[in-house]
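Some notes on the structure that comes next.
The values are calculated or read from the model by the stated rules, or taken from the named source; none is laboratory data. None of the values given here were measured: they were computed from a predicted structure. When we count neighbours, we look across all protein chains shown, and the Cβ atoms used for this are built from the backbone with ideal geometry, even at glycine. Remember, those area values only see protein heavy atoms, side chains included, never the ligands or the DNA or RNA. Shrake-Rupley method; radii C 1.70, N 1.55, O 1.52, S 1.80 Å.
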Amino acid sequence: MTVLPIVGRELIEASRRRSTYLVRLGAAALALAVGCVVGTAVGQSTPGTLGQALFFSLVALLQIYCLLVGVFRTADCLSEEKREGTLGLLFLTDLKGHDIVFGKLVATSLNAFYGALAVLPVLAIPLLIGGVAPGDFGRTVLVALNNLFLSLAVGMFCSSFCRDERRSMNLAFLILLLLAAGLPLVGAMISSQAKAWEAYYPWFLILSPGFDAIMAFQGAASDFARQYPGLPYFGISVGVLHVLAWLLLGADRKSTRLNSS
């Protein structure tokens, strides 16, 4: 018996598509172009300054890409099947709900993952130039891939409940915006109005992928730890967001069968 047959088929087909290789080439070329622009803008400076400027610029672009790519890649994968009336036909076969969900996830997000992966070697260049610690690089890569997984899972979740493409994409964007900026803003407003809540402010940041992106840098993490000592909020946040993504995929598995008709 083949485990996740749709996933296996999609991987084989992707290996034969020209777009699979063009996406990686284009992403790496874009990252190199950004690096050239940043290097020209910085001009004559110390290697450490150049390395930091290049690293911060590439990290910002990579995190934005990973956080928003799910809105465009997975937010319409299941809703399109429902509009065309083909989703119910899939359940007439031996396929299970998880086969369809993970198959669609791989089919729509493989190029998104390859695009992020192609940027990582360029992102490592500042390590050779100087000014960037290996720990910052490792944590940044971890956060970027985790946010990518979360973004794709949110898109799949919205697609499983919506039939309209625009509605599904808007809902996915609103959920990601709420997680990234909405909850931290609410926590900041509550903490500023009630000083007793100030100690609980980090818990409003746990579900924010933007918080992870900032705390991946040792300097920012050290400043935050001095202000809010005690728990490893960065590790907790990464773990919670990863579990949340799996829970959303689990909800997709059930809702896909319920909404297949």
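Among the residues of region 198-232, those identified as closer than 24 Å to Leu244 by Cα, open to solvent by 80 Å² or more (accessible area, probe 1.4 Å) and of a type outside the set (Val, Ile, Thr) are Tyr200, Trp203, Leu231, Pro232. Filtering Ala172, Ala194, Ala188 for residues that are open to solvent by less than 70 Å² (accessible area, probe 1.4 Å), within 13 Å of the chain's Cα centre (by Cα) and over 18 Å from Val238 (Cα atoms) leaves a single hit, Ala172.
Yes/no per residue for (1) touching a residue at least 60 places away in the same chain (Cβ under 8 Å); (2) aromatic (Phe, Trp, Tyr); (3) touching a Ser or Thr at 6+ places or on another chain (Cβ under 8 Å):
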position	(1), (2), (3)
Glu165	yes, no, yes
Trp197	no, yes, yes
Tyr200	no, yes, yes
Arg226	no, no, no
Leu248	yes, no, no
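Contact map, region 47-60: first residue open to solvent by less than 20 Å² (accessible area, probe 1.4 Å), second residue outside any helix (DSSP H, G or I) and β-branched (Val, Ile, Thr), Cβ cut-off under 8 Å, separation 6 or more or different chains; pairs are Gly51/Val132; Phe55/Val132. Looking across region 108-155 at every residue that is of a type in the set (Ser, Thr, Tyr) and open to solvent by less than 30 Å² (accessible area, probe 1.4 Å), the one that is modelled with the lowest pLDDT is identified as Thr108.
Filtering region 129-146 to residues that are among the β-branched types (Val, Ile, Thr) and part of a loop (DSSP other than H, G, I, E, B) leaves only Val132.
Of the residues Ala31, Ala75, which is at pLDDT 70 or above, farther than 26 Å from Gln218 by Cα and in contact with a helix residue (DSSP H, G or I) (Cβ under 8 Å, 6 or more places away or on another chain)? One residue alone meets the criteria, Ala75. Within this structure, Ile129 passes the test of being among the β-branched types (Val, Ile, Thr) and under 26 Å from Phe55 (Cβ atoms).
Within region 175-185, the only residue that satisfies the criterion of being touching a Ser or Thr at 6+ places or on another chain (Cβ under 7 Å) and either farther than 23 Å from Val141 by Cα or surrounded by fewer than 14 Cβ atoms within 10 Å (Cβ to Cβ) (or both) is Leu183.
Do we have Ser15 as part of a helix (DSSP H, G or I) and modelled with pLDDT under 90 here? Yes: the conditions hold for Ser15. Lys96 meets all of the listed conditions (1) at pLDDT 80 or above; (2) open to solvent by 20 Å² or more (accessible area, probe 1.4 Å) but one, namely (1).
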